[in-house]
Every structure is written in structure tokens, then in C-alpha cells.
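Some notes on the structure that comes next.
The values are calculated or read from the model by the stated rules, or taken from the named source; none is laboratory data. Bear in mind that the values here come from a model prediction, so they are computed numbers and not experimental data. So basically every Cβ, Gly included, is an ideal-geometry build from the backbone, and we count neighbours across all protein chains shown. Surface areas here come from the heavy atoms of the whole protein model, side chains and all, with no ligands, DNA or RNA. Shrake-Rupley method; radii C 1.70, N 1.55, O 1.52, S 1.80 Å.
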Amino acid sequence: TDSKRRREMYQASFKRDAERTSFSGPDADFLRSLELVLHIEHATEGSLSRLEELTARTSQMNATGVRYSNDVLRALLADPGHEVLVATMADRFGPYGAIGMLLLEMHEQVWHLKLLVTSCRVISFGTGTVILNWLGDQAALSNVHLTADFRPTGRNRMMEVAYRFAGYSDEDCSCLAGIAEPAGQGEIQCLHLVPARQDPPTTMRLVAPDLLNGFHAQRA
């Protein structure tokens, strides 16, 4: 779907850039003027090719640099212990298409964020921070800790900054005992967060699922 819309998305990008050049107010006001809408939803078979492309081509906002093939993503999609989530975005100029992916391994006491990827096209919107704040809010409501894999690649320093800004740290916690060591990836750090409730974003509208109820429904 994104490939078919590529021309439309390029045209929208030109209009958006022209609007930004002529806008004289603060960045936050400009973002609000775009009427941004961020959708986070459960991935489907139809989104797997785009998610595979995101893990392969995105480097600056890829938390580990690990690539996931279509077959691996399909298997994770069918695994009740994992959540594969896709983020899409649109504004008053048009769609951005699929701009992000989250891969979560769900445990009773801790949610393990094995991968977060967001497109470089939406870095300036603070999209990674919005996604991490939403996930933290969901975890706080569910009374679970969060852990996140991070591996420095030389290009993803901004992703580490996003994690640290969201409160993830290197502190040890008993919840980490339930997290399996990543196999064969090397240099992957397991960051930890005791989440707290978060306010909704002020520069965009967020539409996202209830992870707690979805997790319990799968386990029932």
C-alpha cells in the first residue's frame, strides 16, 4: 500500500516543507497546525513487507539494527507471547504510511521491548518519544515493568537518547531474570524502566490499542 501511495506521499511532503518554510511560529505550534494523527495498531499479514523494509533500511531510529525477515515476523505475529505493532501517520496534507514498528515479548511481570524502529521521516515530530510514552503509560496501567533492547550501531545515537529521555536506565532489577539473553546478536544492552502514567501528546492525536486487555484475551 505504501509503495502505491509513494507519489502521493512525495507530493504531500513538498507541500508540508513549503508550509514549514513559511511558518513563523514555534515548532510545537507548527506541529499542531499539521493536525497529525498517529495510529498504533496490531500488525497484519498485509503490513509485514513494510515492516521488514523498516527493519532493513532504517538505521538512525533502529534500537538494535537487527533485521527481521518476513517469515520471522509472520511467526511472531502468530505467537501469543508476542505483540507486533505497526505505527502509521497522517496529517492534513496526506498519509506518511507505515512509519514505525514495535516488537514486544509479553510476560506477566515485565514487557520486553525487543525492537523499536521509527522512520527518519518523522524524527522531527518526536514520534519515537510519543510511542515510548504511550508504551510506558500502558505498562503503568498494567502494573508491569518495561525492559528494552538497545545495541549501539554507530548511527542510532538518537534512539539511545530517546530511551534515556523516557527514563530507561542500566539499573538491575529482579524482573530481568525472566528475560532471555539475546542469542548471537552481541553488544545488546537490556535497559530497564519502572513506568509511570504519562499525559497524552500535545502536538498530535494518538489512536492506540489497549495492550493489557489484548494480552489477557490472548492468554485466556
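Which residue is surrounded by the most Cβ atoms within 10 Å (Cβ to Cβ), if the candidates are limited to the stretch 36-83 and must be assigned to a strand (DSSP E or B) and among the hydrophobic types (A, V, I, L, M, F, W, C)?
Residue satisfying both the conditions and the ranking: Leu38.
Please pick out the residue among Ala208, Ala148, Ala139 that is hydrophobic (A, V, I, L, M, F, W, C), at pLDDT 90 or above, in contact with a Pro (Cβ under 9 Å, 6 or more places away or on another chain) and open to solvent by less than 50 Å² (accessible area, probe 1.4 Å).
Of the residues listed, the single one that is hydrophobic (A, V, I, L, M, F, W, C), at pLDDT 90 or above, in contact with a Pro (Cβ under 9 Å, 6 or more places away or on another chain) and open to solvent by less than 50 Å² (accessible area, probe 1.4 Å) is Ala139.
Within the stretch 89-111, take every residue that is open to solvent by less than 20 Å² (accessible area, probe 1.4 Å) and either in contact with a Gly (Cβ under 9 Å, 6 or more places away or on another chain) or of a type in the set (Val, Ile, Thr) (or both) and give me the one that is nearest to Leu212 (Cα to Cα).
This residue is Met106.
Of the residues that sit in the stretch 112-131 and are β-branched (Val, Ile, Thr) and within 18 Å of Val194 (Cα to Cα), which one is surrounded by the fewest Cβ atoms within 10 Å (Cβ to Cβ)?
Of everything passing the filter in the stretch 112-131, Thr129 is surrounded by the fewest Cβ atoms within 10 Å (Cβ to Cβ).
Quick one: is Phe30 open to solvent by 60 Å² or more (accessible area, probe 1.4 Å) and assigned to a helix (DSSP H, G or I)?
For Phe30, the condition - open to solvent by 60 Å² or more (accessible area, probe 1.4 Å) and assigned to a helix (DSSP H, G or I) - is not met.
Tell me the residue from Arg92, Arg57 that is closer than 21 Å to Arg155 by Cβ and of a type in the set (Lys, Arg), please.
None of the others qualify; the one that does is Arg57.
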